[in-house]
1. Filtering segment 159-190 down to residues that are in contact (Cβ under 8 Å) with a residue 40 or more places away in the chain and in a helix (DSSP H, G or I), which residue is nearest to the chain's Cα centre (by Cα)?
2. Hey, ARG72 hits all of (1) touching a Lys or Arg at 6+ places or on another chain (Cβ under 8 Å); (2) crowded, with 19+ Cβ neighbours inside 10 Å but one; which does it fall short on?
3. Check every one of the strands (runs of 3 or more DSSP E) wholly within segment 10-109 and list those with 3 or more residues that are in contact (Cβ under 8 Å) with a residue 60 or more places away in the chain and either among the charged types (D, E, K, R) or more than 17 Å from ARG172 (Cβ to Cβ) (or both).
4. If a residue must be open to solvent by 50 Å² or more (accessible area, probe 1.4 Å) and under 16 Å from the mean Cα position of the chain (by Cα), how many such residues does segment 120-146 contain?
5. Restricted to segment 20-38, and to residues that are within 16 Å of the chain's Cα centre (by Cα) and under 11 Å from SER67 (Cβ atoms), which residue is least open to solvent (accessible area, probe 1.4 Å)?
6. For ASP78, state whether it is in contact with a helix residue (DSSP H, G or I) (Cβ under 9 Å, 6 or more places away or on another chain) and open to solvent by 30 Å² or more (accessible area, probe 1.4 Å).
7. Among the residues of segment 44-57, is there at least one that is closer than 21 Å to SER160 by Cα and within 15 Å of the chain's Cα centre (by Cα)?
8. Would you pick out the residues in segment 155-180 that are over 16 Å from LYS61 (Cβ atoms) and either open to solvent by less than 100 Å² (accessible area, probe 1.4 Å) or touching an Asp or Glu at 6+ places or on another chain (Cβ under 8 Å) (or both)?
Amino acid sequence: MKRFLLVLLAASSAGCASYSSHYAVFPAENSAGEPRQVRVSWQTADYPNWWFAADKATPVKVETQCSDRVWRIRDDADPDAGSCAPGVRACGDSRLDVYAPAGRAAGADDPCLVINPSEPGARIPQLGDKLELLVSCRPSVTRVGQGDEMRNLDYLRASSVPYTVYVRNAPRGSLRAKMPELDDSVCDAE
């Protein structure tokens, strides 16, 4: 009986999952039309089919070079996902965003960023190495603060056509899992 419990305990440890890092960096313009690098990243835990636990993932982060604004895109498995759209999405914030299709302040019911919009049942753990990123919002203000305390809140330009993003994935902890840094030297020059 003790051996059975030890085997059961060993099988239930975190070693049953495969942990991966996913990321992409691509060139695009921010809402002001300035060329920027955009980084998309998330992490997953993939469990074997025979295991009782479902695959898990962190929210997808979307970061734009020279900006302090970081989007976190979530799916239905995340209680903080909001209800603005089905699938993998980030909802608007009326204080920060304008819903571009309507030209008004974005509300909690407006999807600002959606991954694979043609797949309303999508979940982050199932995202592949190619995804579509639809951006439907723009920042209501791009800079806040004064003097040395200025913060840039600009992000990826809104478009009615989704951006195609090619994603790399690697086992977490491997050398390939290290994400490329966004070069801030272009930000200092502006």
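1. ALA177
2. Result: ARG72 passes all but (2).
3. Where strands (runs of 3 or more DSSP E) fall fully within segment 10-109 and carry at least 3 residues being in contact (Cβ under 8 Å) with a residue 60 or more places away in the chain and either among the charged types (D, E, K, R) or more than 17 Å from ARG172 (Cβ to Cβ) (or both), they are 18-29, 35-46, 60-64.
4. Counting residues in segment 120-146 that are open to solvent by 50 Å² or more (accessible area, probe 1.4 Å) and under 16 Å from the mean Cα position of the chain (by Cα) gives 5.
5. VAL38
6. For ASP78, the condition - in contact with a helix residue (DSSP H, G or I) (Cβ under 9 Å, 6 or more places away or on another chain) and open to solvent by 30 Å² or more (accessible area, probe 1.4 Å) - is met.
7. Looking through segment 44-57, none of the residues is closer than 21 Å to SER160 by Cα and within 15 Å of the chain's Cα centre (by Cα).
8. ARG157, ALA158, SER159, VAL161, PRO162, THR164, TYR166, ALA170, PRO171, GLY173, SER174
The values are calculated or read from the model by the stated rules, or taken from the named source; none is laboratory data. These numbers were taken from a predicted model, which means no experiment stands behind them. Glycine also receives a Cβ, built like all others from the backbone with ideal geometry; neighbour counts cover every protein chain displayed. Heavy atoms of the whole protein, side chains included, go into the accessibility calculation; ligands, DNA and RNA do not. Shrake-Rupley method; radii C 1.70, N 1.55, O 1.52, S 1.80 Å.
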